[in-house]
Structures are given as C-alpha cells and as structure tokens.
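What follows draws every value from the coordinates through simple rules; no lab data is involved. The structure displayed is predicted, hence computed values, not measured ones. Methodologically, a virtual Cβ is constructed for each residue, glycine included, from the backbone with ideal geometry; neighbour enumeration extends over all protein chains shown.
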Amino acid sequence: MSERVLMKGNEALAEAALRAGCRFFAGYPITPQTEILEYLSWRMDEVGGSYTQAESELAAVNMVYGASSGGARALTTSSGPGFSLKQEGISYLCGADLPAVIVNVMRIGSGLGNIFQGQGDYWQMTRGGGHGDYRTIVLAPNSAQENADLMVLAFDLAEKYRHPVLIASDAAIGQSIEAVELPEFRDHDLNKYDWPVRGAKADEPIRTVKNVFYSMGDAYEDYLRDKYAQIEAEEQRWESIQVEDAELVLVAFGISSRVCEEAVEGARAKGLKVGLIRPITLWPFPVKAFEKAVNAKAFLTNEMNLLGQTMDDIRLATGCRVPVYHSGSIFAITDTNDLIVRIEEVMEEVKGGGQ
Amino acid sequence: MTEIICAGFGGQGILTAGMLLIHAGMKNGQNVIFYPSYGSEMRGGTANCSVKISDKKIASPVIRQADIVFTMNAPAIDKFESMLKPGGLLLVNTSLVDENRTYRDDIRVVKAPVTDIANELENPRGANIAMLGVLAASSDLFDPEFLIGQINGYFEGRGRKIPANEACFRKGMEAAK
C-alpha cells in the first residue's frame, strides 16, 4: 500500500493515467480541467511518453485516434464546450473499434456556461453524444481517489471491448484537494494485441484500422449487438447504501452522491427509511441495483442539473412502478440539510398519494 | 468535523495555510478536503479556501457555516465573519485590522498582530504560520506540537527548511494568550 498524498482531483486523474500505462496525451486547455494538461505537460516527459497541447479539441481527439491505432493507451480530456467538440472523434473511435479514454470534467451550463461545477452532461455522455448508433461506457468518480482508481479501470475496459470509455468527473472533484493512495505503476505492452497497425510480418494478414462497418459485412450487426449486450450484462457498477428496507431511495452520482450519503445518515437519525443507489457506471446504467429496492415507494435524484437527467434511466430501470422526483440546482452542490428537508417533503407527498 | 475558511490578500500564504491544515489532518489519519475559490480572480485581490477535517467521510467540499474563520486582513472579515457558526472562532490579524473594530457578540474573536510578528522575526512570509500558531493555541483542532511538526515536515518534504517558521508559530501561540 502506497502512502496517502494530497492531490487535486485533476492531478490524481492525470497521475493515475500514467500509472495505468498511458503514454500518449493530447488535449486543449479549458477550465476546470486545465490542471490535467498542466500536470502532464511536465510529468509525461518524466515517464517517457508523448504530451501534445493540440490546436483544438477536435485535433486532440483525432491524435488520440492515431495513437490508439498504434496500440498506445491514449487519453484526452476536456470540459463542457470542449467536450462537445470531441464528439465527432468519439463517434469515429467507436466506428473503428478503438480503445481510448476521454475525460469530461463537467462544468455548468449549455453553450459557454461557466467554469463552476455541473452535472448537465449526463444525457450527452450516456446517449452517445456524436452521430451514429453507438454508446460508450461512462464511469463517474466521486472523489480524487476514484478519479485515480476509475482511470485505471477505464483503460482496462477500453481495451477489453476495443471501445472508448468516458469519465464523467466534475469541477468539484477536479478542483478539490484530497488524500489519495495512488495505484501502482503498470507497463503497457504496445505489442500485446494483434490488431494495432504496427506493421505485419510477411506471413501475417495486413493490419488496418478503419470503420468496422466496411470490413465485416452482414456480421457487423451481430457483432455490435453482442458487444453492447455484453457490456450491459457485465459492466454495471454501483454502490448501494441501506437500500433494502428504504421507503425512499436517493439516486446520485459524482459529487452529489457524497451529499446524499450524508443525507441518508441524517434522515436515518430522524427515523426515516432512506437509502442511496450511486451509479458508478452511468452507462451501462446499474439496473441490477434497483432489484434490491423492493420497499421503495419513490426515488429521489440529486444532481447538478435542472432537467433531472437521470430520471428517465431510473424510470426504465424500475418499469415506472413508483414515482421519481428530482432535486438539485445548477448553481450549487446541494447542502445536506436542504436535501433532508426535501427528503421529508417527498416522503410526506408519497404518503399522501404521490405525484 | 471542523470546517475552516482561510481568507486574506493574495500573497499572504492563505492557500498554503489551508494546505498545511489538511496535510496535518491527513497525517493525523483524518479525512480532509481543500476547496480553492477559483474563478476570475485578480492579482492582489482576495484569496480564500475552504478546508474540512473530519474523522468521518466528508460529503461536500463547500462550507455553509464555518467553525473557524482564519483571516489575514479586514476585507476577509467583511466577507466571512457572517459565515461563522454561533460560538465559532474568528482569527484576526491586528497588524492590518483596526483595534476598535466590533464583531458579532455570539462568536469568539482571537486577535494577534501576525504580520508584525513575522516581520520582527525577519520571516515576512511567515505571517500565515504565526496565525496557525494562534489557531493552535486557541482551538483544540491539533496539538500545537503535532501541528508545528507537520508544518516543518511539509516544507522539508519540498526541500525547504525554514527555521524561522517555528519561531513565528510559537510567537503566534504566545500572542493568542
């Protein structure tokens, strides 16, 4: 076990990427993720990797496409408007079956928005975000520690499925400094797989990276269906807290989930049966977690967006059996005491006949 | 859980004071979080950060009501005195704040001329360390000897041994009495 060190969430994520074997980074600065670039601008050199501050977000994601084609563990990171600019590249990575990790340190707003924390990119990140018929695995850390841990997992999953993996961090996690136990260094062998375009020997088939649609013919449909079905079956991840007997189950990811965990404790102290499901994978959504919520009379999300973006997924996971409520502001992380007040309101309303 | 807001001018070592507090908390086996104020900050403007130190898990990095407000100038008091819990502790740098200033009557105010202390000890950048001495003497957050040990360890870990820091810290402790 390594010693705990103090790190900004963004720095923990960057260091963990290197320790996971990432030796290629391309990105473009934007608050609140710029510390990732700042950190890797000197640190990547120390580990013998390649760091590029690209001319744009689109260029950066396409550089990642190139590095990934050669078998490298490749990373790009951005936030808000910059993450939108990467969507074309993410769609192309999916089309070409390429692993890569793309981080969105979420910030408030559509359009330019602002540099403060937000969780408004849930739909964009879990529904594809670019053109075409794809989705990506999305991991949602809720601390600097998980920024590090999930970064390692992201690279492993990306290679397992030859598919891009997104990390949905946010400004609060990225900017906060917490104690972190960093993962051990791992070597990544560029020649581990037989598909990267690193030159084929005379007796080997030619290697190409291109849109799989063009090379697989009729088998493409089954291939895609199987890949997505396997991800949905095997990769759901979540944390459950006191869900079994809960009459109201909170649902929250990222920084909001920490407020919810504290609110569960506060509500329980008042005799209220409240629990929490924290999705760690936003896609695949942890449908299995909801099987245990047998006593839930309602669900209440807490997220830093106004439209309650996780509500649809909760309704789908539960077959719309019970009402789903939303709480949260785009401007602030909900205060635990305010959330407990909202919990009491919702429980009162459910008792009186629901929505 | 102890929730602390540190505030003052940029350059007074506000963020370093916050870092030293969470470093000590981490070494004490506690959970810690430091949230900087970030945004369109101006050079020479105010600097502040939020620090939480707890034996339990920490939820939000944001402070709504603070146990301790660690200020280094008057604008910091203007901005953050109102955020103290009743019974909370306000630390005031009398080198830069009017002696006759009045405060809320439901809080504890501990004053010390930490900028003067640092200048007298020829460690002008050590005013924040002197204020940490004031904090150690006027609260039970950390044992003072543990805290100064961790402050020294923090700087030594970065290759900077600053003996005058300890003098500032101890003078701050005395001034708080």
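Just grab the label-to-label distance for B:LYS57 and A:ARG127, each label 7 Å out from Cα along the Cβ direction, in nm (one decimal).
The answer from the label model is 3.1 nm.
Contour minus end-to-end for A:ASN337 and A:ARG315, with contour as 0.36 nm per residue of separation and end-to-end as the Cα-Cα distance?
5.3 nm
If the cut-off is 28 Å between C-alpha atoms, which lysines fall inside it for A:LYS201, apart from same-chain ones fewer than 8 positions away?
A:LYS160, A:LYS192, A:LYS210
Just report the Cα centroid separation between the range A:1-71 and the range B:1-35, whole Å.
27 Å
Running a GNM on chain B with Cα contacts under 10 Å, which residue among B:ALA137, B:ALA59, B:ALA17 ends up with the highest mean-square fluctuation?
Its mean-square fluctuation being the largest, the pick is B:ALA59.
For the range B:120-177, rounded, prolate or oblate, judged on the Cα gyration tensor with a ≥ b ≥ c (square roots of eigenvalues), a/c < 1.5 rounded, else prolate if a/b > b/c?
oblate
What's the center-to-center distance, using Cα atoms, between the range A:212-264 and the range A:143-163 in Å?
14 Å
Assuming R0 = 51 Å, can you tell me the calculated FRET efficiency for the pair B:LYS161 and A:TRP195, based on Cβ-Cβ distance, to the nearest 0.05?
The value I calculate is 0.45.
Rounded to the nearest 20 Debye, what is the dipole magnitude of the range A:286-355 about its Cα centre when Lys and Arg each give +1 and Asp and Glu each give -1 at the C-beta?
In total the dipole reaches around 360 debye.
For a label point 7 Å from the Cα of A:ASP245 along Cα→C-beta, name the residues of the range A:280-307 whose backbone N is under 18 Å from it.
Label zone hits: A:292-298.
Whose amide H sits under 5 Å from the amide H of A:ARG23, counting only residues 5 or more places off or on another chain, with H placed in the peptide plane?
A:ARG73
How are the Cα pair distances of chain B distributed, in percent, across 5 Å bins from 0?
The distribution over chain B is 1, 9, 18, 23, 22, 16, 8, 2, 0, given as percents.
Taking Cα pairs under 8 Å and at least six residues apart, what relative contact order does the range A:1-105 come out at, in percent?
29 percent
Hey, what angle do you get for helix A:144-161 against the long axis of chain A, alpha-carbon based, 0 to 90 degrees rounded to 10?
50 degrees
Binned at 5 Å from 0, what are the whole-percent values of the Cα-Cα distance distribution for the range B:73-159, short to long?
Pair shares across the bins are 3, 13, 20, 22, 20, 13, 7, 2, 0.
As a test, work out the antiparallel percent of DSSP beta bridges whose residues both lie in chain A, rounded to the nearest 5.
Given both bridge residues lie in chain A, the antiparallel proportion sits at roughly 25 percent.
Just grab the label-to-label distance for A:GLN53 and A:ALA219, each label 7 Å out from Cα along the Cβ direction, in nm (one decimal).
For A:GLN53 paired with A:ALA219, the spin-label model returns 4.6 nm.
Taking a 27 Å limit on the Cα-Cα distance, which of the listed pairs A:LYS270/B:LYS85; A:LYS86/A:LYS227; A:LYS288/B:LYS27 fall beyond it?
A:LYS288/B:LYS27
So how compact is the protein assembly as shown: Cα radius of gyration and Dmax in angstrom?
25.3, 89
Can you put A:VAL47, A:VAL180 in order, fewest other beta carbons within 10 Å first?
A:VAL47, A:VAL180
What is the spread of the Cα atoms of the range B:55-111 along each of their three principal axes, largest first, in whole Å?
Principal-axis extents of the Cα atoms in the range B:55-111, largest first: 40, 20, 18 Å.
Using the Cα atoms of the range A:1-82 to build a convex hull, what is its mean projected area in square nanometres?
5.7 nm²
Using the count of nearby Cβ atoms within 10 Å as a rough guide to exposure, how do A:ASP133, A:ASP121, A:ASP203, A:ASP335 rank from fewest to most?
Listed from fewest to most nearby Cβ atoms, that is A:ASP203, A:ASP133, A:ASP335, A:ASP121.
Any idea what % of Cα-Cα pairs in the range A:304-355 are farther than 18 Å?
42 percent
Could you tell me the convex hull volume per residue, in Å³, taken over the Cα atoms of the range A:5-234?
Output value, Cα hull per residue: 120 Å³.
Does the range A:149-205 classify as rounded, prolate or oblate by the C-alpha gyration tensor (a ≥ b ≥ c root eigenvalues; a/c under 1.5 gives rounded; else a/b over b/c gives prolate, otherwise oblate)?
Prolate shape, in that a/c is at least 1.5 and a/b is the bigger ratio.
From the Cα trace of the range A:105-158, what convex hull volume per residue do you get, rounded to a whole Å³?
89 Å³
About the Cα centre of chain A, how large is the charge dipole given +1 on each Lys and Arg Cβ and -1 on each Asp and Glu Cβ? Please answer in debye to the nearest 20.
Dipole size: approximately 360 debye.
Grab the other residues whose beta carbon is less than 9 angstrom from that of B:ALA118, score K and R as +1, D and E as -1, and report the net.
It works out to a net charge of -1.
Counting pairs of alpha carbon atoms under 8 Å apart in space and at least six apart in sequence, what relative contact order in percent does chain A give?
17 percent
Which one, B:GLY8, A:LEU316, A:PHE213, projects farthest toward the positive side of the charge dipole computed for the protein assembly as shown from Cβ point charges (K/R +1, D/E -1)?
My answer, from the dipole projection, is B:GLY8.
Counting other beta carbons within 10 Å of each residue's own, what order do A:SER256, B:SER95 fall into, fewest first?
Listing A:SER256, B:SER95 from fewest to most nearby Cβ atoms yields B:SER95, A:SER256.
If you wrap a convex hull around the C-alpha atoms of the range A:190-335 and split its volume per residue, what is the figure in Å³?
Taking the convex hull of the Cα positions in the range A:190-335, it is 171 Å³ per residue.
For A:SER110 and B:TYR38, what does the FRET efficiency come to when R0 = 22 Å and r is the distance between their Cβ atoms, rounded to the nearest 0.05?
That pair, A:SER110 with B:TYR38, gives E of 0.55.
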